[in-house]
Amino acid sequence: MIDMTELSKKHRSPQAAARLHKRNAAQKRLKYYGILAISLSGLALAILLWSVLGKSAGALTEYQIQMEITLDAELIDRDNIERADFSQLSKDMLSNRFPFVNGRTERRGLFDIISSGAAYELRDLVAKNPNWVGQTIPFDFLASDIADLYFKGAYGQIEPITHRGALTIQRDGESLAFSSSDADFAPLLGNVRARLLARANDHRIEAALQENGRRVFNERGDFVEAAKRKNNRDFELAQAEALEALAAQPDGVFELDQFTASIFLKLGQVWVRVETISSNAGTGKILGDIANGVWEASDWQLLIYNSPPITRKVSDVQAILLETLREQGKVSSGINRHFFTSGDSREPELAGIWGAAVGSFWTMLVTIIFAFFIGVPAAIYLEEFARDNKFTRLVEININNLAAVPSIVFGLLGLSVFIGFMGMQRSSPIVGGMVLGIMTLPVIIIAARAAIKAVPPSIRDGALALGASDLQVSMHHVLPLSMPGILTGTILGMARALGETAPLIMIGMVAFIVDIPDGPTNNATVLPVQIFRWADFPERAFEARTAAAIMVLLAFLFTMNLTAILLRKRFERRW
Amino acid sequence: MNKMTTKNVDVFYGKNHAIKDVSIDILDKTVTAFIGPSGCGKSTFLRCLNRMNDTISICRITGDLLMDGEDIYAKSVDPVQLRARVGMVFQKPNPFPKSIYDNVAYGPKIHGLVDSKSDLDEVVEKSLKRAAIWGEVKDRLNESGTSLSGGQQQRLCIARAIATAPEVLLMDEPASALDPIATAQIEELIDELRHSYSVVIVTHSMQQAARVSQKTAFFHMGDMVEYGDTSAIFTNPVDQRTQDYITGRFG
């Protein structure tokens with residue numbers, strides 16, 4: 001027998017106080033865990049947004065280079081402007097503007113400062129204004145991705161260095177020698193010396209490998225091979241020592257290569273790319289036109305480009321050309337209309353997100369029509385009308401399992417049923433939308449059933465007692481009251497569908513599509529697939545565009561969810 | 001005059017025999033009270049009268065239930081039509097989460113009782129007036145029905161039920177969730193409604209049954225023990241169980 005009055009005494013015992021303390025501590029701990037979890041997720045979100053926003057900033061603007069181009073009437077047929085070779089015309093214009101650029105590689109570099117798409121834009125503009133043929137007009141050439149990144153500072157900057165001496169120039173044709181009255185170049189030599197030591201180190205590593213080989217062959221008794229290895233080793237060591245000796249020389253002459261920072265001289269408006277250098281003299285290549293003979297430069301500048309050429313896509317010559325154009329005030333920047341208005345392209349500066357955004361729009365439209373207008377009636381039927389028997393329970397289990405099926409399986413289904421069996425067009429939003437619709441269907445059905453279940457039975461009874469039919473009860477009362485819950489499920493399902501890549505790859509929405517889709521039956525791609533593709537492209541300019549595309553995807557998602565939330569607010573009622 | 005007649009009605013919930021062989025005549029323009037302890041089957045029986053039990057799949061009903069001499073469980077009778085003629089008010093006020101106006105107008109709308117908006121307005125006003133709530137809500141017809149107090153909500157539900165112009169009004173403990181003032185208002189209302197309808201009320205409160213009803217049926221464990229004039233039941237019960245119940249010895 002338990003004496004209840006004894007039990008009630010226990011509430012005042014020290015054990016009870018200890019228990020209470022423990023309980024309170026546990027509650028506090030849980031509270032702090034919660035705060036910690038929320039802070040961590042907030043932090044993760046902030047970092048994500050900060051990083052993506054920061055990376056995407058570069059894709060929001062684009063640079064244009066304004067240059068005069070002569071629309072030679074001989075080359076452009078006024079009645080057939082489309083046929084003229086504007087690409088060649090632009091190249092000729094660049095060659096005339098920068099006559100000092102010669103050599104295959106450097107000329108290609110010259111043509112690469114403007115986008116290949118600029119010629120088509122020029123063609124379209126001239127086609128609209130045929131009376132311009134024969135005139136010289138200024139035109140904003142779209143900068144290429146390399147030029148664009150250079151202007152944005154992605155490849156570092158050319159910086160001036162102070163100097164004290166007077167510069168004596170000796171020009172002989174293409175080549176140029178120069179010397180300063182002071183040891184102006186001494187501070188720049190650290191970089192080249194380090195490069196020499198690095199090269200020496202490479203030789204030493206090679207020497208060590210050869211030595212290893214020599215020992216192995218010696219042990220095998222293959223003395224011919226061993227001798228060969230010994231020679232190689234000695235050669236490498238000699239090379240290393242020579243380089244180290246050169247680096248140690250205070251007044252040595254050093255060669256610049258693609259692993260060292262580039263050095264430039266600027267004589268008035270003319271640039272010189274330095275090729276060899278010592279503490280007070282050097283040689284270089286003239287990029288422009290200056291007087292022959294020996295003379296003293298009154299106005300000269302020493303500049304360094306700290307990123308070695310191997311680390312950047314923009315060559316020294318291109319950097320100089322771009323700097324020259326910038327100094328001439330020909331370079332302007334504006335909002336990146338190509339990014340926001342065009343479709344995909346292999347050229348980063350021409351690539352746009354609009355095609356994928358429109359593709360996503362059509363796909364989502366098909367998805368919501370498919371998933372919502374099948375899912376909600378299915379949920380109403382299962383919840384309000386279906387008898388509770390083995391068959392409906394089987395259907396229920398299947399629906400729950402479908403929600404957990406990996407999305408790529410739905411892609412396979414789309415490929416075999418919609419494209420293979422029904423012969424629908426691949427890469428089209430209608431197929432993509434249907435695949436995503438089937439994927440979203442179980443999510444919406446489950447959410448809708450939960451929402452319908454949550455409608456109080458008293459509302460159903462009230463309506464039934466007034467003589468409403470089952471359909472009227474569902475349509476007038478149950479559906480409106482469960483709509484907020486249904487829309488919540490729809491938001492979740494649609495958000496998942498919007499971010500889905502794998503099933504769309506299966507049905508060919510990963511194709512390279514340049515045109516903006518006009519409707520759900522056109523070929524299209526979608527935002528996440530576009531992001532996936534761009535992230536894979538090697539061009540550096542795609543990095544910012546990928547980040548910007550992610551922002552567009554997030555904005556799309558935000559708009560979609562906002563619409564659903566506003567709709568939900570309209571349906572929300574108290575009871 | 002008989003409005004509804006039941007003969008040998010049995011109700012089963014699966015294997016549970018909830019109503020055992022109940023025969024009763026419900027008179028027109030009369031308030032009939034069903035009393036009895038909890039779980040005695042009075043609400044179940046009430047729900048047979050407008051076929052609300054049809055929504056429960058395991059529920060089975062045998063026997064004859066007639067309204068104006070017609071079998072209400074006949075194949076030709078649609079429960080939707082029947083419920084329009086037999087209105088019901090529930091224990092817990094259950095206004096729709098719509099405006100007060102829409103709550104009352106819902107029945108006339110779905111049954112096509114009126115042709116014009118002005119007629120509908122009139123029906124709504126009349127119903128609210130008959131439910132004695134018009135004065136309180138006439139200026140806020142567009143507000144949600146759920147914003148009213150409990151007593152007002154219940155009167156709104158009564159207005160909603162009578163707006164469908166039923167012939168019989170079933171009330172399942174309509175005042176059990178209300179305070180004494182609201183209860184008094186509802187009781188007054190029931191007395192008023194008697195002049196137009198046949199009212200059947202299930203109640204736990206014997207005082208209420210005594211106050212509002214002319215006929216009373218006492219249910220116990222699925223049996224209808226005694227049925228007769230209210231005054232007779234309360235002053236001179238025939239059955240010992242009735243006697244015990246009304247004197248408060250059990251239940």
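Rule-based calculations on the coordinates, nothing more; no lab input. As the structure is a prediction and not an experimental result, all values here were calculated from the model. All Cβ positions, even for glycine, are placed from backbone atoms using ideal geometry, and neighbour counts span all protein chains on display.
Hey, in the GNM for chain B with a 10 angstrom Cα cutoff, which one of B:192, B:226, B:122 fluctuates hardest?
B:122
Among B:220, A:21, rank each residue by its count of other Cβ atoms within 10 Å, from fewest to most, as a rough exposure measure.
A:21, B:220
Taking only Cα atoms of segment A:180-222, what ratio of Rg to Rh do you get with Rh as the Kirkwood inverse-distance radius?
Taking Rg over the Kirkwood Rh, I get 1.44.
Please compare each pair in A:91/A:285; B:42/B:75; A:453/A:569; B:42/B:92 to a cut-off of 18 Å on the Cα-Cα distance and tell me which ones are over it.
Too far apart for the 18 Å limit: A:91/A:285; B:42/B:75; A:453/A:569.
Just want the answer: with Cβ charges of +1 for Lys and Arg and -1 for Asp and Glu, which residue in A:1, A:542, A:322 is farthest toward the dipole's positive end in chain A?
It is A:1.
Taking only Cα atoms of segment A:136-194, what ratio of Rg to Rh do you get with Rh as the Kirkwood inverse-distance radius?
Rg divided by Rh gives 1.16.
By a straight-distance test (C-alpha under 28 Å), which lysines pair with residue A:31 as possible cross-link partners, with residues fewer than eight away in the same chain excluded?
A:22
On a C-alpha basis, how far is the centre of segment A:359-381 from the centre of segment A:81-141 in Å? Whole number, if you could?
With segment A:359-381 and segment A:81-141 each reduced to a Cα centre, they are spaced 49 Å.
Among A:300, A:50, A:271, rank each residue by its count of other Cβ atoms within 10 Å, from fewest to most, as a rough exposure measure.
With the sparsest Cβ surroundings first, the list reads A:50, A:300, A:271.
Along each of its three principal axes, how wide is the spread of alpha-carbon positions in segment A:382-465, in whole angstrom units, largest first?
In descending order, the Cα extents are 52, 26, 20 Å.
Residues of B:93-103, mean number of Cβ from any other protein chain within 10 Å of their own Cβ, rounded to a whole number?
Taking all residues of B:93-103 together, the mean is 4.
By a straight-distance test (C-alpha under 27 Å), which lysines pair with residue A:28 as possible cross-link partners, with residues fewer than eight away in the same chain excluded?
Result set, ordered by chain and number: A:10.
How much of the pair distance distribution for segment A:98-230 lies past 25 Å, counting alpha-carbon pairs only, in percent?
67
Please arrange A:396, B:173 by counting, for each residue, the other beta carbons lying within 10 Å of its beta carbon, fewest first.
Ranked by crowding around the Cβ, least crowded first: A:396, B:173.
Which residue, chosen from B:56, B:199, B:66, occupies the Cα position most advanced towards the positive end of the dipole of chain B, where the dipole is computed from +1 (Lys, Arg) and -1 (Asp, Glu) charges on Cβ about the Cα centre?
B:56
Run the reach check for residue B:109 against aspartates and glutamates, Cα to Cα strictly under 15 Å, same-chain hits fewer than 8 apart removed. What comes back?
B:119, B:121, B:122, B:125
So if I place +1 on the C-beta of Lys and Arg and -1 on the C-beta of Asp and Glu, and nothing else carries charge, what would the dipole magnitude of chain B be about its Cα centre? I want it in debye, nearest 20.
Dipole magnitude for chain B comes out near 440 debye.
Which whole-number percent of Cα pairs in segment B:21-97 have a distance greater than 19 Å?
42
Which whole number in µm²/s is D for segment A:158-311 by Stokes-Einstein, with the Kirkwood Rh taken over Cα pairs at 37 °C and 0.692 mPa s?
D, rounded to a whole number, is 187 µm²/s.
Any number yet on Rg/Rh for segment A:223-291, C-alpha, Kirkwood?
1.25
If amide H atoms are built 1.01 Å from N in the plane of the peptide, which residues on other chains or at least 5 residues away come under 5 Å of the amide H of residue A:278?
Placed amide hydrogens put A:254 under 5 Å from residue A:278.
Which Cα, out of A:260, A:278, A:245, lies furthest along the positive dipole direction of segment A:211-342 (beta carbon charges, K/R +1, D/E -1)?
Of the listed residues, the answer is A:260.
Whole number please: convex hull volume per residue of the Cα set in segment A:452-575, in Å³?
146
Which whole number in µm²/s is D for segment A:60-151 by Stokes-Einstein, with the Kirkwood Rh taken over Cα pairs at 20 °C and 1.002 mPa s?
Rounded, D is 157 µm²/s.
Segment A:354-571: percent of C-alpha pairs farther apart than 29 Å?
34
Expressed as a fraction of 2.2 N^0.38 Å, the rule-of-thumb size for a compact globular protein of N residues, what is the C-alpha radius of gyration of the protein assembly as shown?
1.59
Would you mind listing how long segment A:1-74 runs along its three principal axes, going by Cα atoms, in whole Å with the largest first?
Cα extents, longest axis first: 118, 20, 10 Å.
Give the whole-number value, in cubic angstrom per residue, of the convex hull volume spanned by the C-alpha atoms of segment B:2-246.
So the per-residue Cα hull volume is 121 Å³.
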